[in-house]
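The values are calculated or read from the model by the stated rules, or taken from the named source; none is laboratory data. In this text the structure is predicted, and so the values were computed from the model without any measurement. Here Cβ is always computed from backbone atoms with ideal geometry, including for glycine, and neighbour counts include all displayed protein chains.
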Amino acid sequence: MLIVMQPNAGEEKIQKVIDFIKQKGFDAHISKGADHTVIGAVGRKVIDKRDIELLDGVKEVIRISSPYKLVSRVFKPTDTIIDVKGVKFGGDHIGMIAGPCTVETYEQMDETAKKLKSYGVKVLRGGAFKPRTSPYAFQGLGEEGLKILREVADKYDMVVTSEVMEVAQIPMFLKYVDILQVGARNMQNFNLLKSLGEVRKPILLKRGLSATIEEWLMSAEYIMAGGNREVILCERGIRTFEHITRNTLDISAIPVVQKISHLPVVVDPSHATGLRDKVAPMSKASIAAGANGLIIEVHNSPETAVCDGAQSLYPEQFKELYDELKALAVVLKKEFN
Ligand code: PEP
Ligand code: MN
């Protein structure tokens, strides 16, 4: 339920409404707009909306019929812009994230990051805990990988994202990582999502392998309901009957989600296609369709990469794409960072 306050309702009246709904067993989520404040009352209890309508300063009470509430544009009409130490995702800002699939060695990360930083990239990726289809495949360096990622990022003044796989890992991730990534396979790990709701760092939430947009947004709702407002959605391709590409990139998800939700949507063209030569065209298509950022796999030596070498760009190849995307952003009147 959304409680829209009158434009002139002061802090005192707003607080009284918050106290009232809390006492009725609801959580209150506040969205302060330019004109008026909206209070999202979220909970499982039943309440007579007339009781709220009668409170001082309340303009109207809207029951939201959609299952997602806090992620919805009805709750927050303006775009959410997530600022990760100066790098912005959302609104007119396009954020670029690049790096290898997984952290292998210090030298590999150092070489890759050095090049990426020289091109202008500020956010470094690299998995330390890898969700692999086969239990016999490389599972990641674990905490050692996170340490390398942090050390290299600090050396080049970059911020980092890495995938967290379970609740117990969260405190460790908070020590090393600026954006916590939830992988496609964990999109509906509800315990993980609930715990990430308590975190005060941005979450990059990948779309599940076969998840509908509604299921994806409900997962974001889990994080937001816990109080974490900073969710970046990531379209990374979905399963279809097509086998030539690893997945099928759902470009239409970008404008569809942006209409329903205020959250930024970034695209991962690497996992979406699985093919190096398809990454550039899909990156350009995503930005043209309005994506608020990209996460691209880049490796200093893709042919010797431990995983996902075939979809990883050579640094020089990435630079060419990066320069083209910057030019595209100018045409689209977007801020590229
Ligand atoms: C990744 O980004 O490293 C990854 C495993 O991606 P996804 O969860 O989208 O498959
Ligand atoms: Mn990968």
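Which residues, taken from segment 248-277, are surrounded by fewer than 20 Cβ atoms within 10 Å (Cβ to Cβ) and within 16 Å of ligand 2 (Cβ to nearest atom)?
G274, L275, R276
If the requirement is being more than 30 Å from A288 (Cβ to Cβ) and among the small types (G, A, S), which of these qualifies: G197, G237?
On the way: G237 fails: more than 30 Å from A288 (Cβ to Cβ).
Residue meeting the stated conditions: G197.
Taking only pairs six or more apart or across chains, which ones have beta-carbon atoms under 6 Å, a first residue in segment 251-274 that is on the phi > 0 side of the Ramachandran plot, and a second residue that is assigned to a helix (DSSP H, G or I) and not charged (D, E, K, R)?
Note: pairs meeting the criteria are G274/Q311.
Which residues, taken from segment 6-32, are closer than 10 Å to G57 by Cβ, in contact with a helix residue (DSSP H, G or I) (Cβ under 9 Å, 6 or more places away or on another chain) and either modelled with pLDDT of 95 or more or assigned to a helix (DSSP H, G or I) (or both)?
Q6, V17
Filter segment 103-115 down to the residues that are touching a helix residue (DSSP H, G or I) at 6+ places or on another chain (Cβ under 8 Å), away from ligand 2 (no atom under 16 Å from the Cβ) and assigned to a helix (DSSP H, G or I) and list them by number.
Pass one, segment 103-115, residues touching a helix residue (DSSP H, G or I) at 6+ places or on another chain (Cβ under 8 Å): 103, 105-106, 109-110, 112-113, 115.
Imposing the further condition that a residue be away from ligand 2 (no atom under 16 Å from the Cβ) reduces the set to 105-106, 110, 113, 115.
Hits for segment 103-115 are Y106, D110, A113, K115.
Pairs needed: first member in segment 288-303, assigned by TED's automatic domain parsing to the domain that holds R207 and surrounded by fewer than 24 Cβ atoms within 10 Å (Cβ to Cβ); second member anywhere, at pLDDT 95 or above and among the aromatic types (F, W, Y); C-beta distance under 8 Å; at least 6 residues apart or different chains.
Cβ pairs passing all conditions: P302/Y314.
Anything in segment 134-190 that is crowded, with 17+ Cβ neighbours inside 10 Å, outside any strand (DSSP E or B), among the hydrophobic types (A, V, I, L, M, F, W, C) and within 15 Å of ligand 2 (Cβ to nearest atom)? List them, or say none.
Answer for segment 134-190, where residues must be crowded, with 17+ Cβ neighbours inside 10 Å, outside any strand (DSSP E or B), among the hydrophobic types (A, V, I, L, M, F, W, C) and within 15 Å of ligand 2 (Cβ to nearest atom): L141, L149, M165, A184.
Considering only segment 116-133, state which residues are away from ligand 2 (no atom under 16 Å from the Cβ), surrounded by fewer than 21 Cβ atoms within 10 Å (Cβ to Cβ) and outside any helix (DSSP H, G or I).
Residues satisfying the conditions are G120, K122.
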